[in-house]
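Chemist: The following block contains the structure, expressed as structure tokens.
The values are calculated or read from the model by the stated rules, or taken from the named source; none is laboratory data. Just so it is clear, the model here is predicted, and its values are computed rather than measured. Glycine also receives a Cβ, built like all others from the backbone with ideal geometry; neighbour counts cover every protein chain displayed. Areas reflect the complete protein model, heavy atoms only, side chains present, ligands, DNA and RNA absent. Shrake-Rupley method; radii C 1.70, N 1.55, O 1.52, S 1.80 Å.
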Amino acid sequence: MQLLNDFKNGLWNENPTFRLVIGMCPVLAVTNTMTNGLAMGLATTFVLLASEIVISLIKKLIPNDVRIPSYILVIATFVTFVDYFLKAFFPPIAASLSLFVPLIVVNCLILGRAEAFASKNPLHRSIADSLGMGFGFTWALLLLSAVRELLGMGSMFGIQILGAWYQPMVIMVLPAGAFISLGILVGIMNYITKNTTRDTHCH
Amino acid sequence: MNNSTGRLILTLTVLGLVSAFILAFVFQWTLPYIIKHQAKAQERAVFAVLPGASDYKEVEKDGQVFFEGFDQSGKRIGVAIKATGGGFQGMITVMVGTDPEAEKVYGIQVLEHQETPGLGAFITGEKYEANFIDKPFGDYKVVKRPATSPYEVEAISGATISSTKVTSIVEKAIKDIQRAYGGGA
């Protein structure tokens, strides 16, 4: 039950993108197409899962004073792994995410969960937390990129959905479009949450 | 004594070593695939910047590698070179295809770069690369409006530096090709 709650936490209540609003750099930057959004979400989920596992296992061996550099080392190792892996086996995705793959190292979502969760909780709960947060991050990126790609290019996953009558709103694939759609989506999420949960738990 | 200096150094050293060890293996494992993809990308780029070429061969002259493109009858139709130079953030590699006899650029393709996504990264876009299609050799001027003369290059808005850097890489590539192939004649 507790595991399920840890997992569900990241999907909705503490969704990193819509509720905690952390890790915004990739959220805003790579969500111009759904392929990029999905790839970034899955890459981040992998790094989050692997890092939380390792950090949860070695947390007792790490002196408090160097815990942040130690976490960054662990995270950087997995990010470099993902970087090589994508370049070797999925070169088109690696090319379109380019700089943002190495930048996963400084995604505060990962360091944040390592510090706030994996360093204090046992392995099985850390796995549930990382999967919840990772998938929460992934669906948020997918939703945001779906809105932006559909409005900005009239397509989804690169397949043209809207016909020739549709005049693409170019601003949606530019950085400004990311802020506009993110703001509206966060607003909608807040509205839904306000109506369904009558604020019974404390914040 | 959990936080003694020795313990801190030891922890980070061990972590760093383990991490380096793992990554060395990952690097060894993925490197052949990465090289293969780069070679394929290079081949695609040569054909893209030498329209009409059905075959090409690598020629080394004065320590530089040129790609000579041939059409179906075996006639040399152009020469391409891979030129590298500094960009806004790190190196940019551009494949430049030219016809040294007619002294014109066929086209360019950016192979590698680390420019800002959403701004400088548009140097890989068709709109910017189209600037160099069928351009006569010469010194180019980067302008912040649509180009009116063949010696002008329209900058990407918000990325004038990236646009200028690519333009000077192309100019350098032209000089290298002219030096090796004489040009005009």
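Chemist: Filter region A:18-27 down to the residues that are surrounded by 19 or more Cβ atoms within 10 Å (Cβ to Cβ) and in a helix (DSSP H, G or I), then identify the one that is farthest from the other protein chains (Cβ to nearest Cβ).
Modeler: A:Val27
Chemist: Would it be correct to say that B:Pro51 is more than 24 Å from B:Tyr106 (Cα to Cα) and open to solvent by 40 Å² or more (accessible area, probe 1.4 Å)?
Modeler: So B:Pro51 does not fit the description; no.
Chemist: Let me ask another. Could you run through region B:62-82 and say how many residues are open to solvent by 70 Å² or more (accessible area, probe 1.4 Å) and in contact (Cβ under 8 Å) with a residue 12 or more places away in the chain?
Modeler: 3
Chemist: Look at region A:86-99 and say how many of its residues are over 18 Å from the mean Cα position of the chain (by Cα), surrounded by fewer than 19 Cβ atoms within 10 Å (Cβ to Cβ) and assigned to a helix (DSSP H, G or I).
Modeler: Residues in region A:86-99 being over 18 Å from the mean Cα position of the chain (by Cα), surrounded by fewer than 19 Cβ atoms within 10 Å (Cβ to Cβ) and assigned to a helix (DSSP H, G or I): 4 in total.
Chemist: Checking B:Ala24 against (1) among the hydrophobic types (A, V, I, L, M, F, W, C); (2) within 14 Å of chain A (Cβ to nearest Cβ); (3) more than 26 Å from A:Val79 (Cα to Cα), only one condition comes out false. Which one?
Modeler: The one condition B:Ala24 does not meet is (3).
Chemist: For region A:59-69: of the residues being surrounded by fewer than 18 Cβ atoms within 10 Å (Cβ to Cβ) and either among the aromatic types (Phe, Trp, Tyr) or under 11 Å from A:Ala114 (Cβ atoms) (or both), which is nearest to the other protein chains (Cβ to nearest Cβ)?
Modeler: Here the residue is A:Arg67.
Chemist: Collect the residues in region B:83-124 that are open to solvent by 10 Å² or more (accessible area, probe 1.4 Å), part of a strand (DSSP E or B), of a type in the set (Ser, Thr, Tyr) and touching a residue at least 40 places away in the same chain (Cβ under 8 Å), keeping them in residue-number order.
Modeler: Listed by number, the residues that qualify are B:Thr84, B:Tyr106.
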